[in-house]
Amino acid sequence: MTRRQLLLALGALVVVILVLENTGPFRNGQFAAMAYYAIAAGGLTVLTGLNGQLSLGHGALMAVGAYTAALMLQERDAALPLVLILLIATGVTLVVGALVGVAAARLHGPYLAGATLALAVAVPGIPLYFSETLGGEQGLRVRVPEIPTWLADAVYFVTGQDLTPTRYLAYLGWLGVIIVFVLLANLSRSRIGRIWQAVRDDEVAAELAGINLGRARVLAFVVSAGCAGLAGGLLALSARIAAPSGFTLTLSLLLLSAVVLGGLGSLVGALVGAALLTFLPQVVTGVGEDLGLTDVQAAQLAPLIYGLVTVLVVLLAPAGLAGGLRKLTQWRRST
Amino acid sequence: MQQLLTTVLTGLTLGMVYAAFALALVLIWRATRIVNFAQAPMAMITTYLALVLIDAGYSYWLGFAVALLSGLVLGAVVERFVVRHVEGKSEVNAVILTLGLFIVLHALAALIFGSRFRSFPAPFGLRGFQVGDTTIALTGFGVFTIVAVAVVLVGLVLLFRGTDLGLRMRASAVNQEVSRLLGVKVGRMLTLGWALAALVGSLSGLLIAGGGLVHPSYMDGVVVYGFVAAVLGGLDSPVGAVVGGVLLGLSLSLVSGYVGSELVPLAALVILMAVLLLKPGGLFAHVRERSV
């Protein structure tokens, strides 16, 4: 970890504290949602942007993390500390990701897309079949454990405000974002990241250079799945539920479009995409209702915009919004 | 025995619909090397158009014809104005583009037609035929489904094998450069390929909807089953797609009948992975090896 990254991470932490302390419960909840979208999108952007593997199944991997966490959070007094539960959710999803990744490593392009699409459609059926343990259609209720006293005291000492459960979850989520993004940034600049890019850019050249293609692909998938698992666990906590309807194909597709909008392979882009996924619906739904649409119709405007912008980005600016901005600033500087 | 017969007959009917959908995917794959994941919402939109006409009091057959025609137009428009720009470029971009279209069409349908479940009529009986004292699971609509898909398949074979136009379409799919040198208007052939595929896709949308419920995501599972069926057949061969569709329909129907309908998509995933890992060229591939 370089000094620059440490400063960035600390700066981000300060911004997070300032923002979360100065917003109400509703915004806190939205920021918690943005955090889990950002973690999932961060993992997906590394997989797709750096390694060239397309996954439409990340919603399903989030479901694995969410259900794992939910199973351990059935009682008010969870047997394990919350951080450990989230780590276990991440670990279980890592294992599932390894299984999927081993199969996926041999596929590319449309075949991989189709296989992960099948995963996204298949996974919500599993809790319906095992409805005894996994709660069926209604899903599993998730109980947020008590905030540890030392943490509540520490936060009160620093900010002078009581720590509400929603704000607690938002802090947890953003702490996750900072840790995951620092890890991903380091990983993508490291030898492993360069190997992933080599595999993406030219398989034959990479293989000639002594890279094990399969191993590189599986590793990228596993890392990405771990992020999705953590994001799923946080989602279950924020939503207080893990239910099949939360992990539809739409979730997977929206995650992908968030990553494309932000710019494939860019962590800043993943953050931008997550912000769009969280805040755009409220804005455009309001506009739609002003234009005389019913609330059900207006709720469709946000996905419509994601879809349209995704199509436009692929056609006009394949580097995404973040990449487009970067190009613009470079162009300004050079003129 | 009775249950097995029921399962097999249901599977056969469903399999023909998957076959039609797989056929649509294969047609586009052959022409442009793109798997059109947006085929599902395209078929959903055209089925909604039929439903609007039928609900307005027009006959089922008018709705049917309008749906197929609008599928033809939609396919041509999508190829000419959207997909044309990514053809022959990065595979990942093409897939993302079709998924973007997927989201757009989904949202548009929910916006225009509403997202509640609406029932779709069927032109033929939905009760099983009587044989002696027992009712078998083959319905009038089931027979219509099988016949319709068979007619389309024969039509496509005649088009591709028997006509000059079909020859030109096949040539453009095999080698664009050479076809262009020989005077084939390749762009036009690709547009036509997408249009035909969308027509076949619309047919499968109508057949799935018949006698059932329609809502914006009712085709989402079908795109997976269609893809699995197409891969079973090798993604390249129309006949393979049909055989793959029927095989998949039968297998999924067995899973649904004896294990549980919730696990049908999971079974499709297992079948897909098994085929891709063991026989990536599909069950009837012409080439022995193909990298997936």
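Only the coordinates and a few stated rules stand behind these numbers; no lab work does. Note that the coordinates shown come from a computational prediction; the quantities given were computed from them, not determined experimentally. Positions of Cβ are generated from backbone atoms using ideal geometry, with glycine treated the same way; all protein chains shown enter the neighbour counts.
A simple spin-label model places pseudo-atoms 7 Å from Cα toward Cβ; at B:Val178 and B:Val157 they are separated by 2.6 nm.
Ignoring solvent entirely, what values of log10 I(q)/I(0) come out of the Debye formula for the range A:3-248 at 0.09, 0.17 Å⁻¹ when each Cα is a single scatterer? For the range A:3-248 at q = 0.09, 0.17 Å⁻¹, log10 I(q)/I(0) is -0.41, -1.23. On the basis of the beta-carbon distance and an R0 of 56 Å, B:Ser119 and A:Arg76 show a calculated FRET efficiency of 0.80.
Roughly how many whole Å is it from the C-alpha centroid of the range B:119-164 to that of the range A:96-157? Their Cα centres are 40 Å away from one another.
Packing, as the average of other Cβ atoms within 10 Å across residues, places the peptides A:179-187, B:223-231, B:158-166 in the order B:223-231, A:179-187, B:158-166, highest first. Could you state the number of Å between the C-alpha centres of the range B:25-97 and the range A:233-256? Result: 29 Å between the Cα centres. Taken along its principal axes, the alpha carbon cloud of chain B reaches lengths of 65, 47, 35 Å, longest axis first. Restricting the range A:69-173 to GluC sites (Glu not before Pro) that sit in a DSSP loop and have at most 11 other Cβ atoms within 10 Å of their own Cβ leaves A:Glu75. Quote the FRET efficiency, to the nearest 0.05, computed for B:His215 versus A:Asp201 with a Förster distance R0 of 60 Å and r equal to the Cβ-Cβ distance. Efficiency, from the Cβ-Cβ distance: 0.90. Look at the stretch B:107-114: the mean tally of other chain Cβ atoms within 10 Å of its residues' Cβ atoms is 5.
Contact order for the range B:1-125, expressed relative to its length and based on alpha carbon pairs under 8 Å spaced 6+ residues apart, stands at 27 percent. From largest to smallest, the equivalent ellipsoid semi-axes obtained for the protein assembly as shown from the alpha-carbon gyration tensor read 42, 29, 24 Å. From its DSSP helices (H runs of at least four residues, each -39,500 (n - 2.57)), the protein assembly as shown gives a residue-normalised ellipticity at 222 nm of -24500 deg cm²/dmol.
Protection proxy ranking of B:87-98, B:131-142, by the mean of other Cβ atoms within 10 Å over each peptide's residues and highest first, is B:87-98, B:131-142. Placing pseudo-labels 7 Å out from each Cα toward the beta carbon at A:Leu312 and A:Leu151 gives an inter-label distance of 4.1 nm. The C-alpha atoms of chain B define a longest principal axis, and helix B:2-32 lies at about 20 degrees to it. Here the label points at A:Leu208 and B:Asp133, each 7 Å from Cα along the C-beta direction, are separated by 7.7 nm in the simple model.
For the range B:2-217, a simple Cβ point-charge model (Lys and Arg +1, Asp and Glu -1, everything else neutral) yields a dipole of about 480 debye relative to the Cα centre.
Across the range B:77-193, the convex hull enclosing all Cα atoms gives 177 Å³ per residue. Contact order, relative form, for chain A: 33 percent (alpha carbon pairs under 8 Å, 6 or more residues apart, mean separation divided by residue count).
The alpha carbon convex hull volume per residue for the range A:134-240 rounds to 145 Å³. Got the relative contact order for chain B handy, in percent, Cα pairs under 8 Å and 6 or more residues apart? With pairs under 8 Å counted, the relative contact order is 35 percent. Measuring nothing but alpha carbons in the range A:1-113 and taking Rh as the Kirkwood radius, the Rg to Rh ratio lands at 1.03.
If you model the range A:90-191 as an ellipsoid using its alpha carbon gyration tensor, with each semi-axis the square root of five times an eigenvalue, the axes come out at 35, 24, 10 Å, biggest first.
Note on A:Arg143 and A:Leu6: with the Förster distance fixed at 51 Å, the Cβ-Cβ geometry gives a FRET efficiency of about 0.90.
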